[in-house]
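Enquirer: Shown below is the structure under consideration.
What follows draws every value from the coordinates through simple rules; no lab data is involved. Since this is a predicted model, take the numbers as computed values, not measurements. In this analysis, Cβ positions are derived from the backbone assuming ideal geometry, glycine residues included, and neighbour counts consider all displayed protein chains.
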Amino acid sequence: MSEPVDEELLDVTVTVNDVPRHARVPARRLLSDFLRHDLGLTGTHVGCEHGVCGACTVLVDDAPMRSCLMFAVSAQPHRITTVEGLGTQDAMGPVQQAFTECHGLQCGFCTPGFVTTITAYLDENPDPTAEEAREAISGNLCRCTGYQNIVKSVLRAAELRQEAKGQ
Amino acid sequence: MTTSMFGAPVARREDPRLVTGNGRFLDDLGHDALAAAFVRSPHAHARIVDIDVTDALEVDGLVGIWTHEDLPGRVGEPLPLLIPHPTLTHGRTAYALAKDEVNHVGEPIVLVIARDRYVAEDVAQRIRVEYEFLTPVVGIEMARDATALVHDDVTDNVSAHMLQEVGDVDAAMAAAPRTLELDLSIERSACMPMEGKGVYARWDDDNGELRLYSSTQTSTGVRAAVAAKLDLPLAKVECIAPDVGGGFGVKINHPWPEEVLIPWAARLLGHPVKWVEDRREHFTSSAHERGQLQTVKVGFDDDGRILALDVKLWHDNGAYTPYGIIVPIITSTQLLGPYKPGAYRVEFWSLYTNTVLVTPYRGAGRPQGCFAMERTIDAIADELGLDRTEVRSRNFILPSEMPYDHGLLFQDGRPLRYDSGDFPASLDKLKALVGWDDFAAYRAEAEAAGRKVGLGIGCYVEGTGVGPYEGGHIQVETSGRVNVSTGLTSQGQGHETVFAQVVASELGVPLEDVHVTTGDTRRMPYAVGTFASRAAVMSGNAIALAARNVRAKALRIAADALEVSADDLEIVDGDIRVKGAPDTHMSLGTVSVMSNPLRYAFDEAAKAATQFAGSNDPSKPPVADDDEPGLEGKDFYSPTQATFANGMHAAIVETDPVTAEIRILRYCVVHDCGPMINPMIVEGQVHGGVAQGVGGALYERMVYDESGQLLNASFMDFLMPYASEVPVIETDHLETPSPLNPLGIKGAGEAGCIPVSAVIASAIEDAEGFPIRSMPISPVELWQLRQRHAAGDWPSLARTRHTPSSSTQTQEDR
């Protein structure tokens, strides 16, 4: 058997939402599980466990990545941002705000992955067309919305960011 | 503002928590729980000879391993058959853990519980199961041939055979001037919610009580089933559906094996236990739907009026029938859509195969029925050289004929009787929206540029809001906070918002004061569940009735206190006031204080209701004989029959002349679900339904090989649409009220996906000039059809005889 019968635990410290967070976990602990179960940041969801659906997308040094395809130990040198780091219920970030205004979600399970993905996208492309917005979200699966209102949310988020800048 | 809440596109109450990562889905709970994993059968059909766990026992962190022989009493008995039917003569259900035999890949055999899921999977991997192979039955044809059997004692693989006939089909068919026959097929797909199933159970040893969380569409159903299986009093079991990451039907079946085993293990171990389904498990161990073969024979006159319709269908029900034969029953009844079929006969056989079981998936048999009917109407139009919308019009049930009774029994065991609908008006709207009459010019333009385009249409009627009942409970706190509960569950439909809108309108309170709880048996133990587009109709009306009770009580108490007639009072923004004299008023919160005579003052407001506050009449008891304390009300809504929503879709597709790639250029929807509580949410439901329909029409299929292996059991291989595959959806609405319920509403949840395969088939057929009889269709399959067509072994549409221009040209091009 190649599987370890007993597992060595490692001290892992990862900067999540600007705070250094620590836990003792095995080397094979996925970043998604580390965030969700060791740190209690359950906003990051796991939909397929193999990097296809995008629900587990977090920002690694501001770039969107699948946390289900990354080990917690390998995240140590990086800054991780989860959906919890992009706003709160009382002070939502622009992408979060846009989703609530445009009915960009139904069950909400895939939403955190979209919010992180779109946040990174708008940093690079602050003023997308509808077509570009659709392209930007076409790596994430949603089974509820048919995407139309997510496209709308991307455009609205771009507006909200512009408005915030103008103030 | 409060009175206009009903019908307003208000933003959803649930969104702020969901967009900030504060939702609480099943796996967000219970971080201290032990984790379960399963050894599942890798074979489609086999006898279990031996299970060897020796190698697994040394894994650090293992808590326990159980097989069927370890399961006591009812836990070890077959799972219940939820919906018996007289024609389901050979219903079979699985065991929570397989006993002796496995009947599909993914069937659970061994339960493992360990410190965490990683360890549980390590253990499962070390368990050796020895099998003796049996012949797997895969596909409807093989099941129908019955050369091999799924269950030894079901000698023809038929679980149910059902026949319904209205009128004399043989006579009407014989007398019909024209007839056509069609062979049709639809492949399997699945609900595929982004969150799989999951169960988390806590046993409270001090009180002998079980608290169970399940990602389910029916918490009351799971509660009752688990209490029965575990031999616990119902009062000692509570079940809560937390935030649920999509359902689309698969989470209505219950109890799933895990819903029995996880609570059982939690009680046995005295420790919380959780199981969260992984994606592969969801593919092979939950449920699929859609797979059917159909034959249609139709008799009609020279004007295209249907005189006789004779339908046979063979339904693949997978390995077991825990949810009965609801799907083929719905296909066989809802197939009729907005049309009068003349004499109608439908006969179906529900067949066992060694594949994962089949339970309803959004649309629940309707997409298949709609496909059969709409292909038939298109074929009639083609045969006669008539416009496809004209043939539809000529067969429509008219508004003047409502209510219209088809003379059949529907899925709820009640008459298939349409309550309302204006099909001609819907069709007019759809034709205007898509530009039906301008399409010929558009096509000519496209053809001149070397492009192939086609226009398709599909119409459906959907029985929604089936019973038996739902309930609503409303309680107004002394602060004016309004607590609303209903027992059915939510999977993204925005119930917290729409039910709050209903209450805000009925009671006259601000929306933000209303707080809705769904799917929690502690709050509302009587409920059925969320399926069949029923939540708004059933719980919406129950809650409206409950709100009216609360309103009546509030007005009675306030009228007493203000010494006016209740008729002279109105409630505006949570304040009860005299109409025309708003200075004479009291808040709903104050009425709540007065409704509950107190001995103890817990705050300033409560003081007013205490016994020495001087407001009581010593000649009467504090609570009247026919009254109850508290400003609360409860009611139930139980309809005599379903209410029937309808819709019509049209699409323009383009097929690549070389690669046969299929692109949807436009997709138009006209939808009528009666008055909409929240049009934004209805629209969202339509969008999502269409997207799933597009998946079912062009991309999604379950690819089983002949040994019963599901070859595409992952998101890499099962192609669900991304944003790049879903067209912009253009919508228009009709709001024909239902006469059946107080709010006049109809259901909307499933509508979007029902006609999509029919519409896309219609459009591809129109683009290509030859019939499309099987869905989904991939570019490869379309390309192969073109080859066959060019070789002369796939027919052209008859329209080539009527208008020999475009299609023959296409054929020559090849």
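Enquirer: Compute the acute angle (0 to 90°) between the alpha-carbon long axis of helix A:111-124 and the principal axis of greatest extent of the alpha-carbon atoms of chain A; round to the nearest 10°.
Expert: Orientation of helix A:111-124: about 70 degrees from the principal axis.
Enquirer: Distance between Cα centroids, region B:173-210 to region B:696-763: provide it in whole Å.
Expert: 13 Å
Enquirer: Using the Cα atoms as the points, what is the convex hull volume per residue of region A:9-85 in Å³?
Expert: So the per-residue hull volume is 72 Å³.
Enquirer: Give me the net charge of A:LEU155's neighbourhood, meaning all other residues with Cβ under 15 Å from the Cβ of A:LEU155; Lys, Arg count +1, Asp, Glu -1.
Expert: Here the count lands on -3.
Enquirer: Related question: In nm, give the distance between the simple-model label positions of B:TYR526 and B:GLU141, each being 7 Å from the Cα along the Cα-to-Cβ direction.
Expert: 5.3 nm
Enquirer: Which value results when the Cα radius of gyration for region A:87-166 is divided by 2.2 N^0.38 Å?
Expert: Relative to the 2.2 N^0.38 Å estimate, region A:87-166 comes out at 0.98.
Enquirer: On a C-alpha basis, how far is the centre of region B:375-447 from the centre of region B:312-328 in Å? Whole number, if you could?
Expert: With region B:375-447 and region B:312-328 each reduced to a Cα centre, they are spaced 28 Å.
Enquirer: Of A:VAL151, A:VAL25, A:VAL58, which is the most mobile in a GNM of chain A whose springs link Cα atoms less than 10 angstrom apart?
Expert: Among A:VAL151, A:VAL25, A:VAL58, the largest mean-square fluctuation in the Gaussian network model of chain A belongs to A:VAL25.
Enquirer: Continuing with this model, one more query. Out of region B:1-99, which GluC sites (Glu not before Pro) are coil in DSSP terms and have no more than 16 other C-beta atoms within 10 Å?
Expert: Filter output for region B:1-99: B:GLU58.
Enquirer: Once you list every other residue whose beta carbon is under 13 Å from the beta carbon of B:ASP204, what net charge do they have if Lys and Arg are +1 and Asp and Glu are -1?
Expert: Residues near B:ASP204 contribute 0 overall.
Enquirer: Using R₀ = 41 Å, calculate the FRET efficiency as 1/(1 + (r/R₀)^6) where r is the Cβ-Cβ separation of B:ASP626 and B:ASN207; round to 0.05.
Expert: Approximately 0.70, to the nearest 0.05.
Enquirer: To continue, here is another question. How well do other chains shield peptide B:722-735, expressed as the mean number of their Cβ atoms within 10 Å of each residue Cβ?
Expert: Neighbouring Cβ atoms belonging to other protein chains average 4 per residue here.
Enquirer: Then there is this: Can you show me the helix-derived [θ] at 222 nm for chain B, built from DSSP H runs with n ≥ 4 at -39,500 (n - 2.57) apiece and divided by the number of residues, rounded to the nearest 500.
Expert: Result for chain B, helices only: -8000 deg cm²/dmol.
Enquirer: Take every DSSP beta bridge with both residues inside chain B and express the antiparallel ones as a percent of the total, to the nearest 5.
Expert: Counting DSSP beta bridges with both partners in chain B, the antiparallel share is about 75 percent.
Enquirer: Report the local net charge at B:ALA542: Lys and Arg +1, Asp and Glu -1, summed over other residues whose C-beta lies under 10 Å from its C-beta.
Expert: It works out to a net charge of -1.
Enquirer: Can you tell me how much longer the chain between B:ARG414 and B:ASP70 gets when fully stretched, taken as 0.36 nm per residue apart minus their C-alpha distance, in nm with one decimal?
Expert: Result: 119.6 nm gained on full extension.
Enquirer: Per-residue Cβ counts within 10 Å, from other chains only, averaged over B:10-18: what number is that?
Expert: 6
Enquirer: Anyone know which of A:THR145, A:THR44, A:THR88 comes out most mobile in the 10 Å Cα GNM of chain A?
Expert: A:THR88
Enquirer: Continuing with the same structure: Over all residues in A:40-46, what is the mean tally of Cβ atoms on other chains that come within 10 Å of each residue's Cβ?
Expert: Averaged over the peptide's residues, the number is 5.
Enquirer: Taking just the alpha carbons, could you work out the radius of gyration and Dmax for the protein assembly as shown, both in angstroms?
Expert: Rg and Dmax of the protein assembly as shown, Cα atoms, are 29.2, 99 Å.
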